[in-house]
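Novice: Below is one structure. I have some questions about it.
The values are calculated or read from the model by the stated rules, or taken from the named source; none is laboratory data. Computed from a prediction, not measured in an experiment: that's the story for all the values here. Cβ coordinates were reconstructed from backbone atoms using ideal geometry, including for glycine residues, and neighbour counts include every protein chain displayed. These accessible areas exclude ligands, DNA and RNA; they are computed on the full protein's heavy atoms, side chains included. Shrake-Rupley method; radii C 1.70, N 1.55, O 1.52, S 1.80 Å.
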Amino acid sequence: MKPARVGEGIIGNKIVEPVFTFNGNMLLNRGTIVNSKVLKKLMGHNINFVYVIEDIKKDIIPINTLEEKRIARAESTIKKVFLDTLHNEKLGVKTLIPEGNLILVEKIIDSILKDLSDSKDILFTLSDLIDTDEYTYKHSINVTVLTILTANSLNYKKNDIKNIALGALLHDIGKIMVKDNLIAKPGKLTEDERNEVMKHSEFGFQIVDSIEKLSFTTKQIIRLHHEKLDGSGYPLGLKGIEIPEYVRIVTICDMFDAMSTNRVYRDKMSIYKVFDILNGESIYRIDTEIYKAVITNICVFPPGSGVILTDDRMGIVANYNRFNPTRPRVRVINTNSNLLKVEIVNLEKELKLFIKDKWDVDEYLEEIRRRKIRNKKILKTNSYIS
């Protein structure tokens, strides 16, 4: 990290290492926010350079992700489709998804496919905050995006990817027919309640079975996305090659997003636990090669995001490790030395270190910008007074 020259340009920044006078006395402690008074103190002691945390993010290249506005529109659309379908089911309408809503569903897929084809190396990123009441809709979009990325990396043809994506988008539509609002129940389900929830895949198939516009592939995904290779899944208890490969893709994407997202009845799992479980499942229950393809499309800690390591050091993710997404390189501020330096910690080699939490870099830098503007005004006002 390069030092920042002492001057008005550092007003609002946070000093990340104690500043000492030439006599060895501490002038400023780590964490001091530079304002006009602090600046005068630095200049009064002829301190020419200090290190501020804002510099640590320079030259980090962000990854490509889908626009949040686009995702929000897709969520709103799929919510309408689900609720309209529930309304029709209550009215006893045989074809439960209206024609107009099928068009909307296709438009969602076409829009996502276009975004993904227009942007090279786009990756799936985790959402930290999801309203649990909106979980089903956000989950449907997440599974769809990750499914498309995975199918594309497995070299599926464009038309096949579209049919698979439609299945991913509608895979949980049968949940609207589950009795007693069990999907949103905050506590642990009884065995009878679990059996009722498990009916959602068959309910979903009943909803789409007579819709000629939807492909066989799409319908199979809706019905079979909870099947497992060892026969332990549902609703049919299929084994091995009885489960189509395109279904296996959605199964893994569904499992990953479900475990890594907050639910009404439990908090999300740590990302390490998610991967540990899926690694175990890949021995017998889910497709190993597809799982490998899935994880290469997931960016757990995007470049530029703030992280806290298990030794309590703070840093910023420097790059993305496609084949080991929980073990990126991190620019860590070394505060254990009298000389400030930023270390590059490669978590793929430092096996005793893990990322235990995040901190919001962008929010912090935005606060810095606001303080800069505010303190510059104060400094200008004080110069007139003196």
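Novice: What are the residue pairs meeting all of these: first residue in the range 70-84, first residue in contact (Cβ under 8 Å) with a residue 60 or more places away in the chain, second residue of a type in the set (Gly, Ala, Ser), Cβ atoms under 6 Å, and 6 or more apart or on different chains?
Specialist: Close Cβ pairs (under 6 Å, with a partner that is of a type in the set (Gly, Ala, Ser)) amount to Ile78/Ser140.
Novice: Among Thr150, Thr125, which is the only one that is at pLDDT 95 or above and either within 24 Å of the chain's Cα centre (by Cα) or open to solvent by less than 60 Å² (accessible area, probe 1.4 Å) (or both)?
Specialist: Details: Thr125 fails: at pLDDT 95 or above.
One residue alone meets the criteria, Thr150.
Novice: Assuming Asp180 fulfils every condition listed in (1) touching a helix residue (DSSP H, G or I) at 6+ places or on another chain (Cβ under 7 Å); (2) part of a helix (DSSP H, G or I); (3) not aromatic (Phe, Trp, Tyr) apart from one, which condition is it?
Specialist: With (1) touching a helix residue (DSSP H, G or I) at 6+ places or on another chain (Cβ under 7 Å); (2) part of a helix (DSSP H, G or I); (3) not aromatic (Phe, Trp, Tyr) applied to Asp180, the lone miss is (1).
Novice: Please state which of the following conditions Asn155 fails to meet, knowing it meets all the rest: (1) assigned to a loop (DSSP other than H, G, I, E, B); (2) open to solvent by 20 Å² or more (accessible area, probe 1.4 Å); (3) in contact (Cβ under 8 Å) with a residue 12 or more places away in the chain.
Specialist: Every condition holds for Asn155 apart from (3).
Novice: If we keep just the residues of the range 44-63 that are surrounded by fewer than 20 Cβ atoms within 10 Å (Cβ to Cβ) and over 18 Å from Val361 (Cα atoms), which is modelled with the lowest pLDDT?
Specialist: That would be Phe49.
Novice: What is the one condition in (1) open to solvent by less than 20 Å² (accessible area, probe 1.4 Å); (2) under 19 Å from Pro328 (Cβ atoms) that Asp254 does not satisfy?
Specialist: Tallying (1) open to solvent by less than 20 Å² (accessible area, probe 1.4 Å); (2) under 19 Å from Pro328 (Cβ atoms), Asp254 fails exactly one: (2).
Novice: Looking at (1) open to solvent by 30 Å² or more (accessible area, probe 1.4 Å); (2) touching a residue at least 12 places away in the same chain (Cβ under 8 Å); (3) touching a Lys or Arg at 6+ places or on another chain (Cβ under 9 Å); (4) of a type in the set (Ser, Thr, Tyr), find the lone condition where Ser270 falls short.
Specialist: Only one criterion is unmet by Ser270, namely (2).
Novice: Look at the range 234-251 and say how many of its residues are in contact (Cβ under 8 Å) with a residue 12 or more places away in the chain, in a loop (DSSP other than H, G, I, E, B) and open to solvent by less than 50 Å² (accessible area, probe 1.4 Å).
Specialist: 5
Novice: Is at least one residue of the range 94-105 at pLDDT below 90, open to solvent by less than 30 Å² (accessible area, probe 1.4 Å) and of a type outside the set (Lys, Arg)? Before the answer, list the steps.
Specialist: Going residue by residue through the range 94-105, those that are at pLDDT below 90 are 94-99.
Then drop every residue that is not open to solvent by less than 30 Å² (accessible area, probe 1.4 Å), which leaves 96-97.
Keeping just the survivors that are of a type outside the set (Lys, Arg) gives 96-97.
Looking through the range 94-105, at least one residue is at pLDDT below 90, open to solvent by less than 30 Å² (accessible area, probe 1.4 Å) and of a type outside the set (Lys, Arg).
Novice: If you take the residues in the range 64-93 that are among the small types (Gly, Ala, Ser) and modelled with pLDDT of 85 or more, which one is most open to solvent (accessible area, probe 1.4 Å)? Spell out how you get there, then give the answer.
Specialist: If we filter the range 64-93 for residues that are among the small types (Gly, Ala, Ser), which is where we start, we get 72, 74, 76, 92.
Still in the running and modelled with pLDDT of 85 or more: 74, 76.
Details: Ala74: 10, Ser76: 76 Å².
Applying the filter and picking the extreme gives Ser76.
A quick yes/no check of all residues on (1) modelled with pLDDT under 95; (2) part of a helix (DSSP H, G or I); (3) more than 18 Å from Leu146 (Cα to Cα); (4) open to solvent by less than 60 Å² (accessible area, probe 1.4 Å):
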residue: Asp192; (1), (2), (3), (4): yes, yes, yes, no
residue: Ile211; (1), (2), (3), (4): yes, no, yes, yes
residue: Thr218; (1), (2), (3), (4): no, yes, no, yes
residue: Ile221; (1), (2), (3), (4): no, yes, no, yes
residue: Ser232; (1), (2), (3), (4): no, no, yes, no
residue: Phe275; (1), (2), (3), (4): yes, yes, no, yes
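Novice: Are there any strands (runs of 3 or more DSSP E) wholly within the range 291-367 with 3 or more residues that are modelled with pLDDT under 90 and open to solvent by 30 Å² or more (accessible area, probe 1.4 Å), and if so which? Break it down into steps so the answer makes sense when it comes.
Specialist: Numbers: elements: 306-309, 314-317, 329-334, 341-346, 355-359.
Result: 341-346, 355-359.
Novice: Restricting the range 19-43 to residues that are outside any helix (DSSP H, G or I) and open to solvent by 60 Å² or more (accessible area, probe 1.4 Å), which is farthest from Gly315 (Cα to Cα)? Break it down into steps so the answer makes sense when it comes.
Specialist: We begin by selecting, within the range 19-43, every residue outside any helix (DSSP H, G or I); these are 19-35.
In the following step, the residues that additionally are open to solvent by 60 Å² or more (accessible area, probe 1.4 Å) were identified as 20, 22-23, 25-26, 29-30.
Values: Phe20: 23, Phe22: 29, Asn23: 31, Asn25: 27, Met26: 24, Asn29: 19, Arg30: 15 Å.
By that ranking, first place goes to Asn23.
Novice: Out of all the residues in the range 110-122, is one or more closer than 30 Å to Arg313 by Cα, at pLDDT 75 or above and open to solvent by less than 20 Å² (accessible area, probe 1.4 Å)?
Specialist: yes
Novice: Residues in the range 203-228 that are more than 25 Å from Arg266 (Cβ to Cβ) and free of Cβ contacts under 8 Å to residues at least 40 places away in the same chain: how many?
Specialist: 7
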